[in-house]
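Q: Here it is, the structure in full.
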Amino acid sequence: MEDLIKRVARMIGDAKKIVVFVGAGLSTESGIPDFRSPGGVWDKYDPEDFYFQNFISDRSKREKYWEMATEMYGAMKDAQPNAGHIAVAELERLGKLDCLITQNIDGLHFKAGNSENKVLELHGTAMHVSCLDCRKRYERAPIQDRIAGGEKAPECDSCGGLLKPATISFGQTMPERETAEAFRRSADCDVFIVIGSSLVVYPAAQMPVVAKQSGAKLVIINRDETACDNRADVIIKGQAGTIMAAILKEVKGGKE
Ligand code: NAD
Ligand code: ZN
């Protein structure tokens, strides 16, 4: 393991453009469950209940969606960034980060100190809610207060449209700018580091493939196997926070 950490630290030292790509596994050490691990969200809920089409067409599915979303938000709202988020923010401070492509919706990168203009949120954010009709954007907390007050599937106070957390559900279109930008940066980096993603959700999971095909070195840091392990130059299996902290320590020449 130590050799691998040194190898990745050297790659980071030599690189000009690093793209970091993360998934739910980066945030489990902050107490937010991922989707696919035992005890994760899909152990408790059926993904089919959460297709966008159902949200739009079926009131009971909409209420169920808000029930799950309320539970997840409960785990997210006071969560604190862990050593993994802090290491990624440190890469930005060292001038090493071209961009951070995140599938996470928990806002922890910003709490850790990454800047807005470095982070591409591919799946939106749970920290806001938006109206599906007029696009009005709300802070999440006051909408959760309405839910706590008895509303089961809140509606827009401007136009009466359906409100939904500003996240991307199955069947919902990916954000155009972020997706295009993420693909462009993936094709133009020299090191692409995946942290805490099973790499099975598309099109996000295509990005490491694009990076690799464009000549980047591919590093995967994940507890379990991923769908791209066979393409990686370095795979480090284990806890993302511990491993990223060790890598950054090495990058900085052993200093904390
Ligand atoms: P996933 O659940 O498919 O995979 C998570 C991966 O992380 C797994 O392979 C697991 O082995 C690994 N992992 C878990 N804890 C780890 C740790 N401490 N260290 C290293 N690896 C660890 O997640 P995904 O690939 O991100 O895709 C799921 C979708 O879920 C994403 O689209 C995302 O939007 C959404 N999601 C986000 C959050 C969040 O914002 N924190 C939480 C749950 C789900
Ligand atoms: Zn509206």
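The values are calculated or read from the model by the stated rules, or taken from the named source; none is laboratory data. Since the model is a prediction, treat every value here as computed from it, not as a measurement. When we count neighbours, we look across all protein chains shown, and the Cβ atoms used for this are built from the backbone with ideal geometry, even at glycine. Areas reflect the complete protein model, heavy atoms only, side chains present, ligands, DNA and RNA absent. Shrake-Rupley method; radii C 1.70, N 1.55, O 1.52, S 1.80 Å.
Q: Exactly one condition in (1) outside any helix (DSSP H, G or I); (2) closer than 18 Å to K44 by Cβ; (3) among the aliphatic types (A, V, I, L, M) is not met by L100; state its number.
A: It is condition (2) that L100 fails.
Q: So, one more: Would it be correct to say that T70 is among the polar types (S, T, N, Q) and open to solvent by less than 10 Å² (accessible area, probe 1.4 Å)?
A: Against the criterion (among the polar types (S, T, N, Q) and open to solvent by less than 10 Å² (accessible area, probe 1.4 Å)), T70 does not qualify.
Q: So, in segment 85-103, how many residues would count as being open to solvent by 30 Å² or more (accessible area, probe 1.4 Å) and closer than 17 Å to D14 by Cα?
A: 7
Q: A follow-up question, please. Considering only segment 144-201, how many residues are basic (K, R) and in contact with an Asp or Glu (Cβ under 8 Å, 6 or more places away or on another chain)?
A: Looking only at that region, the number is 2.
Q: Looking at R146, R231, which is the one that is within 16 Å of ligand 2 (Cβ to nearest atom) and open to solvent by 30 Å² or more (accessible area, probe 1.4 Å)?
A: Answer to the check: R146.
Q: Just one of (1) away from ligand 2 (no atom under 16 Å from the Cβ); (2) open to solvent by 10 Å² or more (accessible area, probe 1.4 Å) trips up I236, so point out which.
A: All conditions pass for I236, except number (2).
Q: Same structure, new question: Do we find a residue being in a loop (DSSP other than H, G, I, E, B), at pLDDT 95 or above and more than 9 Å from ligand 1 (Cβ to nearest atom) anywhere in segment 233-243?
A: yes
Q: Looking only at segment 199-228, count how many residues are open to solvent by less than 10 Å² (accessible area, probe 1.4 Å), assigned to a loop (DSSP other than H, G, I, E, B) and in contact (Cβ under 8 Å) with a residue 40 or more places away in the chain.
A: Of the residues in segment 199-228, 2 are open to solvent by less than 10 Å² (accessible area, probe 1.4 Å), assigned to a loop (DSSP other than H, G, I, E, B) and in contact (Cβ under 8 Å) with a residue 40 or more places away in the chain.
Q: Right, here's the next one. Do we have any residue at all in segment 154-162 that's within 16 Å of ligand 1 (Cβ to nearest atom), in contact with a helix residue (DSSP H, G or I) (Cβ under 7 Å, 6 or more places away or on another chain) and assigned to a loop (DSSP other than H, G, I, E, B)?
A: no
Q: Scanning segment 15-44 for residues that are without any contact (Cβ under 8 Å) to a residue 40 or more places away in the chain and more than 17 Å from V200 (Cβ to Cβ), which turns out least open to solvent (accessible area, probe 1.4 Å)?
A: Selected residue: G39.
Q: Which residues, counting only those in segment 121-137, are within 16 Å of ligand 1 (Cβ to nearest atom) and part of a loop (DSSP other than H, G, I, E, B)?
A: Passing the criteria: L122, H123.
Q: Can you work out which of the residues in segment 158-193 that are acidic (D, E) and touching a residue at least 12 places away in the same chain (Cβ under 8 Å) is farthest from K96 (Cα to Cα)?
A: Step by step, filter segment 158-193, then rank; the result is E178.
Q: Continuing with this model, one more query. Take E116 and tell me if it is open to solvent by 50 Å² or more (accessible area, probe 1.4 Å) and under 27 Å from N54 (Cβ atoms).
A: So E116 does not fit the description; no.
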